[in-house]
Amino acid sequence: MKYKYLVYIPLLTVISCNKPEPKVETHSETPKTTVALASVKSQGTKEISWKGFLNGKTPVFIHYQLDGNLIVGEITYLNTKNKLPIMLLGTIEEDHSYRILEFEKSGNITGVIIGKPTDSAFKGSWFSPKTKKELALNLVKKDTALASRQTEAKLDDVFGKYHYQYGDAGYQGDMEIKKLPDSKAVFGITSVTSEPARNLAQIDDDTISLKTTSFTYKLSDTEDCEFRVKFYKGFAVVQYTKGVCSGQFGMNATVEGIYIKTK
């Protein structure tokens, strides 16, 4: 079942192995990221800050930086006792709208923000993958000086386990990459769709050459099933490079998405 929302990660057309996927609505829990990260000109590391409300009641503060079409930032719920910031990761879509995911350290996604900011306002919606509740988002621009987060990863730091999860019943994905001698590595990806189907997309462990913090992988015996994995500090982005891999995975299953490093 698709919910009116986005993602990537906005939003997206879901993969189908038998027929073209129907057009999705504004909100969705699919983890796809359909826009190449280099497609939007980098705007440097200037922090952009917003303050406002969810549903006119819950005060929030959001700040982020743009790296190409990648969005990296934090959200703070100002009515909580400790006011602890929560990681935000997302992308700018082809229509210039933003799709931003609210991540716990475990990789669980607690909220999905969709909207299109202007020079002074950010209006959109916030959606909970757990409760399926959607709230109106209304923010105004704030002149707040904040240090930008370092997003560039070092090669030795990319190895480990990565995960994302839209609640217990939603899309889930796992990726692991292990270091080998001579600038090589072993990686694998397993992801499933939401309940009750739990269709599978899987890349069995394979050895690759890894000399930088990104690589492109093509499934053998296919002409156009190819994706790029780009590692950042604490997370990774997986994106198809030639359209969806139609027929290679279970219906609606995808390896594409934003994965948080958990180990």
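Matching residues to (1) in contact with a strand residue (DSSP E or B) (Cβ under 8 Å, 6 or more places away or on another chain); (2) assigned to a loop (DSSP other than H, G, I, E, B):
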| position | (1), (2) |
| --- | --- |
| 123 | yes, no |
| 130 | yes, yes |
| 146 | yes, yes |
| 163 | yes, no |
| 169 | no, yes |
Does region 70-109 hold any residues that are among the β-branched types (Val, Ile, Thr), touching a Lys or Arg at 6+ places or on another chain (Cβ under 7 Å) and open to solvent by 10 Å² or more (accessible area, probe 1.4 Å), and which are they? 76
Select, from 151, 212, 207, the only residue that is under 15 Å from the mean Cα position of the chain (by Cα) and not aliphatic (A, V, I, L, M). 151
Inter-residue pairs, beta-carbon under 9 Å, first at positive phi and in region 148-177, second assigned to a loop (DSSP other than H, G, I, E, B), 6+ apart: 160/262; 160/263; 167/29; 167/128; 167/129; 167/130; 167/131; 167/194
Taking region 112-121, which residues are within 16 Å of the chain's Cα centre (by Cα) and surrounded by fewer than 22 Cβ atoms within 10 Å (Cβ to Cβ)? 115
Which of (1) more than 30 Å from residue 133 (Cβ to Cβ); (2) open to solvent by less than 30 Å² (accessible area, probe 1.4 Å); (3) at pLDDT 95 or above is the odd one out, the single condition residue 259 does not satisfy? (1)
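With the structure loaded, tell me whether residue 161 is at pLDDT 95 or above and open to solvent by 50 Å² or more (accessible area, probe 1.4 Å) or whether it fails that test.
Yes; evaluated as a whole, the condition is true for this residue.
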Do you know which residues across region 166-225 are among the hydroxyl-bearing types (Ser, Thr, Tyr) and surrounded by fewer than 17 Cβ atoms within 10 Å (Cβ to Cβ)? 183, 190, 207, 209, 212, 214, 216, 220, 222
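The values are calculated or read from the model by the stated rules, or taken from the named source; none is laboratory data. Just so you know, these numbers come straight off a predicted model, no measurement behind them. Ideal geometry is used to build each Cβ from the backbone, glycine not excepted, and the neighbour counts take in all protein chains shown. Ligands, DNA and RNA are stripped out before the accessible areas are found, and what is left, the full protein with its side chains, is counted by its heavy atoms. Shrake-Rupley method; radii C 1.70, N 1.55, O 1.52, S 1.80 Å.
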